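J.: My structure is below; once you've seen it, I'll send some questions.
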Amino acid sequence: MCGIVGYIGNKKASPILINGLLRLEYRGYDSAGIATIENNKIKIMKNKGRVNNLYQLEGINELVGTIGIAHTRWATHGKPSKENSHPHIDNSNSFAVVHNGIIENYHELKKFLTEKGYKFVSDTDTEVIPNLINYYFDQDKLNDDKKVLRAVKNTCNSLKGSYALEILSIYNKNKMIVARKDSPLVIGKGDGENYISSDIPAILSYTKDFYLLDDNEIVELSRNEVKFYNRDLQEIQKPIKSIEWGALSAEKDGYEDFMLKEIYEQPRAIRETVGAKLDNGSIEIEGLELSKEYLKNINKIYIVACGTAMYAGIVAKTVFEKLCKIPVEVDIASEFRYRDPLIDENTLSIYISQSGETADTIAALKLAKLKGAKTLVISNVIGSSITREADYSIYTHAGPEIAVASTKAYTSQVVLLNILGMYFAEKLEIIDKGTIKKLKEDILKLPSQIEEVLKGTDQINEFAKKVYKEKDMFFLGRGTDYAVSLEGSLKLKEISYIHSESYASGELKHGPIALIENDVTVIATMTNPDLVEKSMSNVQEVVTRGAKVFVITSENIKNDGITRNNKNSKNK
Ligand code: BG6
């Protein structure tokens with residue numbers, strides 16, 4: 001996730017843009033840049049690193065343009081560097097663009113434009129956009145005042161993926177065009193001036209009046225006017241909304257805290273992580289090229305990570321073993337690195353790290369490399385330390401996680417690991433087409449299913465109010481429900497300081513059951529129809545001992561026993 005700011009008015013744009021970027025820096029900070037128009041020319045200044053590095057560039061204070069766009073980046077394509085920073089400009093220096101989101105068909109578009117003679121200087125997906133605008137602009141033989149707008153519209157209609165765009169053009173130097181699809185963008189209305197941003201907090205100090213853009217809308221802004229269009233360039237009307245948030249609440253998009261905000265960001269994080277990987281005949285994962293021969297000779301997969309990332313690995317163990325028939329071991333990085341793990345050149349070792357900077361995980365990777373194993377990293381940060389050491393790096397696109405307790409990064413990791421398991425199985429040719437098709441459909445449905453679950457949190461709130469003062473809680477589950485329970489238990493400890501343990505349901509009777517007594521709370525997850533009966537008998541064991549049970553299950557599991565025995569059951 002990156003941050004966008006824009007300004008059009010009578011004031012010097014650069015200080016407003018930099019001020020906005022500073023407020024958005026938490027969304028991405030590997031590079032920053034701004035563009036304005038002066039003397040009929042687009043002027044771009046950008047730098048790798050934090051906004052402060054941009055601010056220190058010589059000449060930045062001399063930018064006097066009163067129209068400008070700005071961006072703070074969290075890399076999704078191409079490492080953090082000046083070339084990969086936004087704004088990007090087309091080959092004719094006529095269109096400058098900043099972009100949030102991911103263009104999934106950029107390879108295809110880049111190929112198309114390269115064949116037409118366009119040259120590219122960055123590794124980003126974004127650079128195709130200004131060049132495509134230029135292409136459509138040149139193709140258009142009508143020379144009216146909507147020519148730039150049409151070129152933008154044609155470009156947007158050619159893009160697959162998500163975008164929030166700000167576009168400057170020398171053909172329309174007193175106007176700015178913005179557009180969005182699946183990536184937020186708002187317009188702040190001022191008096192004789194307009195502000196644009198991906199997030200309200202960046203411009204909240206200038207105005208309280210906002211237009212909130214919807215998907216597939218294109219907007220043309222001048223100093224005094226804001227015109228909205230649909231994707232067919234028909235003009236539409238939008239209401240203005242007054243925002244009364246304080247600055248801190250605005251940074252959290254109105255949520256009480258960053259963790260809650262990030263929980264609600266899960267659908268978007270998953271959509272962006274899945275990207276175009278499932279779009280074509282066989283699964284494609286950028287940055288990964290493993291042959292059938294290599295995969296056939298693997299004796300074992302090691303998954304190594306810390307904390308939440310390690311728990312995502314435990315989910316993957318079940319998936320990989322089931323789909324790929326390769327033995328999988330999951331290990332804690334701080335244990336792995338100090339033993340002498342049995343790995344050789346036929347072991348594939350996978351490291352999961354949201355930040356890509358966890359010392360134990362990096363050390364574990366280096367050890368496996370020394371022993372000759374291939375190393376594959378799953379990270380959320382392009383160019384992070386661990387990705388620089390690995391043979392292969394693939395990415396979740398969850399955006400920066402501000403809350404210490406991981407949520408959207410975990411679910412994105414689980415989804416990417418599932419896709420990786422499917423990729424291996426497809427390469428190995430040990431999965432039938434029907435199964436893979438069904439799995440793909442299930443993954444593509446996930447974001448909207450999560451949206452549904454997040455709409456109905458009242459029951460969870462009610463439950464939390466009942467139990468928040470308790471000292472101990474227990475989580476139970478079987479199979480992947482057990483893996484998810486381990487993460488749930490960690491989250492509870494981290495967030496509420498309630499002592500909590502997670503057990504594989506079948507293990508309960510081998511000792512831990514001694515701790516279950518009157519009024520102890522047990523959270524039982526049972527989403528696998530094949531294991532519901534078994535799990536229910538474990539729930540019965542704890543109910544008999546007086547435990548209060550909160551059941552998390554799936555809507556499609558019809559088992560009267562669940563609801564009959566448990567007043568607190570939650571079907572989602
Ligand atoms: C811990 C965090 O300190 O580090 C966990 O609290 C995280 O949320 C763990 O899972 C590992 O971090 P990373 O960046 O390597 O995934």
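The values are calculated or read from the model by the stated rules, or taken from the named source; none is laboratory data. All of these numbers come straight from a predicted model, not from anything done at the bench. No Cβ is skipped: glycine too gets one built from the backbone with ideal geometry, and neighbour counts run over all protein chains shown.
J.: Can you tell me which residues in the stretch 202-226 are of a type outside the set (A, V, I, L, M), over 21 Å from Thr72 (Cβ atoms) and assigned to a strand (DSSP E or B)? Steps first, please.
T.: Here is the first cut: in the stretch 202-226, the ones of a type outside the set (A, V, I, L, M) are 205-211, 214-217, 220, 222-225.
Filter again for over 21 Å from Thr72 (Cβ atoms), leaving 208-209, 211, 214-217, 220, 222-225.
Asp209, Tyr211, Glu217, Glu220 - these are the residues of the stretch 202-226 that are of a type outside the set (A, V, I, L, M), over 21 Å from Thr72 (Cβ atoms) and assigned to a strand (DSSP E or B).
J.: Determine the pairs where a residue that is without any contact (Cβ under 8 Å) to a residue 60 or more places away in the chain, located within the stretch 298-314, has a partner that is in a strand (DSSP E or B) and within 8 Å of the ligand (Cβ to nearest atom) with Cβ atoms under 6 Å apart, the partner being 6 or more residues away or on another chain.
T.: Once the first residue is without any contact (Cβ under 8 Å) to a residue 60 or more places away in the chain and sits in the stretch 298-314, its partners that are in a strand (DSSP E or B) and within 8 Å of the ligand (Cβ to nearest atom) give Ala305/Ile352.
J.: Quick check on Leu365: is it away from the ligand (no atom under 16 Å from the Cβ), over 25 Å from Gly101 (Cα atoms), of a type in the set (A, V, I, L, M, F, W, C) and touching a residue at least 24 places away in the same chain (Cβ under 8 Å)?
T.: For Leu365, the condition - away from the ligand (no atom under 16 Å from the Cβ), over 25 Å from Gly101 (Cα atoms), of a type in the set (A, V, I, L, M, F, W, C) and touching a residue at least 24 places away in the same chain (Cβ under 8 Å) - is not met.
J.: While we're on this one: Select, from Leu376, Leu454, Leu417, Leu444, the only residue that is under 25 Å from Pro341 (Cβ atoms) and either in contact with a strand residue (DSSP E or B) (Cβ under 6 Å, 6 or more places away or on another chain) or away from the ligand (no atom under 16 Å from the Cβ) (or both).
T.: Leu376
J.: For the stretch 117-144, which residues satisfy the criterion of being within 26 Å of the chain's Cα centre (by Cα) and small (Gly, Ala, Ser)?
T.: Passing the criteria: only Ser122.
J.: Scan Gly506, Gly488 and give me the residue that is more than 26 Å from Val404 (Cβ to Cβ) and surrounded by 15 or more Cβ atoms within 10 Å (Cβ to Cβ).
T.: Gly506
J.: For the stretch 338-354, name all the residues that are aromatic (Phe, Trp, Tyr) and within 16 Å of the ligand (Cβ to nearest atom).
T.: Tyr351, the sole residue that qualifies.
J.: Return the residues of the stretch 426-438 that are assigned to a helix (DSSP H, G or I) and hydrophobic (A, V, I, L, M, F, W, C); say none if nothing qualifies.
T.: Leu428, Ile436
J.: So, one more: Suppose we filter the stretch 492-547 for residues that are among the basic types (Lys, Arg) and within 14 Å of Asp481 (Cα to Cα); how many remain?
T.: 1
So that you can scan it fast, the table gives a plain yes or no per residue for (1) aliphatic (A, V, I, L, M); (2) in contact with a Ser or Thr (Cβ under 8 Å, 6 or more places away or on another chain):
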{"position": "Leu342", "(1), (2)": "yes, no"}
{"position": "Leu365", "(1), (2)": "yes, yes"}
{"position": "Val381", "(1), (2)": "yes, yes"}
{"position": "Ser385", "(1), (2)": "no, no"}
{"position": "Ala390", "(1), (2)": "yes, yes"}
{"position": "His397", "(1), (2)": "no, yes"}
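J.: Would you check if there is a residue in the stretch 435-447 being within 24 Å of Tyr302 (Cβ to Cβ), touching a helix residue (DSSP H, G or I) at 6+ places or on another chain (Cβ under 8 Å) and either among the polar types (S, T, N, Q) or modelled with pLDDT of 95 or more (or both)?
T.: Yes: the stretch 435-447 contains one or more residues that are within 24 Å of Tyr302 (Cβ to Cβ), touching a helix residue (DSSP H, G or I) at 6+ places or on another chain (Cβ under 8 Å) and either among the polar types (S, T, N, Q) or modelled with pLDDT of 95 or more (or both).
J.: Being in contact with a strand residue (DSSP E or B) (Cβ under 7 Å, 6 or more places away or on another chain) and surrounded by fewer than 18 Cβ atoms within 10 Å (Cβ to Cβ) is the filter here; which residues of the stretch 289-321 pass it?
T.: Asn299, Lys300, Glu321
J.: Being closer than 23 Å to Lys366 by Cβ, of a type in the set (Gly, Ala, Ser) and within 16 Å of the ligand (Cβ to nearest atom): is that true of Ala269 here? So that I can check it myself, show each step before the final result.
T.: On the way: closer than 23 Å to Lys366 by Cβ: no; of a type in the set (Gly, Ala, Ser): yes; within 16 Å of the ligand (Cβ to nearest atom): yes.
For Ala269, the condition - closer than 23 Å to Lys366 by Cβ, of a type in the set (Gly, Ala, Ser) and within 16 Å of the ligand (Cβ to nearest atom) - is not met.
J.: I'm trying to understand the selection: among the residues of the stretch 166-180, which are in contact with a helix residue (DSSP H, G or I) (Cβ under 6 Å, 6 or more places away or on another chain) and over 13 Å from Ser197 (Cα atoms)?
T.: Ser169, Tyr171, Asn172
J.: Search the stretch 172-183 for residues being in contact with a strand residue (DSSP E or B) (Cβ under 6 Å, 6 or more places away or on another chain) and closer than 20 Å to Lys261 by Cβ, and hand back the single one that is surrounded by the most Cβ atoms within 10 Å (Cβ to Cβ).
T.: So, considering only residues that are in contact with a strand residue (DSSP E or B) (Cβ under 6 Å, 6 or more places away or on another chain) and closer than 20 Å to Lys261 by Cβ, the one surrounded by the most Cβ atoms within 10 Å (Cβ to Cβ) is Arg180.
J.: Residues to consider are Ile431, Ile436; find the one that is touching an Asp or Glu at 6+ places or on another chain (Cβ under 7 Å) and not aromatic (Phe, Trp, Tyr).
T.: Being touching an Asp or Glu at 6+ places or on another chain (Cβ under 7 Å) and not aromatic (Phe, Trp, Tyr) holds for just one of Ile431, Ile436, which is Ile436.
J.: Just to confirm my filter: which helices (runs of 4 or more DSSP H) fall fully inside the stretch 1-116 and include at least 2 residues that are buried (at least 23 other Cβ atoms within 10 Å of the Cβ) and under 22 Å from the mean Cα position of the chain (by Cα)? Step through it out loud before you land on a result.
T.: On the way: elements: 13-24, 51-55, 106-115.
Correct list: 13-24.
J.: Which of the residues spanning the stretch 273-306 are within 16 Å of the ligand (Cβ to nearest atom), hydrophobic (A, V, I, L, M, F, W, C) and not in a loop (DSSP other than H, G, I, E, B)?
T.: Ile303, Val304, Ala305
J.: Give the residue, chosen from Val543, Val522, Val551, Val539, that is surrounded by fewer than 20 Cβ atoms within 10 Å (Cβ to Cβ) and either β-branched (Val, Ile, Thr) or in the same structural domain as Val467 (by TED's automatic domain parsing) (or both).
T.: Val543
J.: In the stretch 380-399, which residues are at pLDDT 95 or above and either more than 20 Å from Asp30 (Cβ to Cβ) or more than 14 Å from the ligand (Cβ to nearest atom) (or both)?
T.: Hits for the stretch 380-399 are Asp391, Tyr392, Ile394.
Residues checked against (1) modelled with pLDDT under 90; (2) touching a helix residue (DSSP H, G or I) at 6+ places or on another chain (Cβ under 7 Å); (3) under 19 Å from Leu444 (Cα atoms):
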| residue | (1), (2), (3) |
| --- | --- |
| Ile378 | no, yes, no |
| Glu401 | yes, yes, no |
| Val404 | yes, no, no |
| Lys408 | no, yes, yes |
| Val414 | no, yes, yes |
| Phe424 | no, yes, yes |
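J.: Of everything in the stretch 11-53, what is touching a Lys or Arg at 6+ places or on another chain (Cβ under 8 Å), at pLDDT 95 or above and of a type in the set (A, V, I, L, M, F, W, C)? Give them in sequence order.
T.: Within the stretch 11-53, Ile34, Ala35, Ile37 meet the criteria.
J.: When the residues of the stretch 248-260 are narrowed to those that are in a helix (DSSP H, G or I), without any contact (Cβ under 8 Å) to a residue 12 or more places away in the chain and not small (Gly, Ala, Ser), which ends up farthest from His77 (Cα to Cα)?
T.: Restricting to residues being in a helix (DSSP H, G or I), without any contact (Cβ under 8 Å) to a residue 12 or more places away in the chain and not small (Gly, Ala, Ser), the top hit is Leu248.
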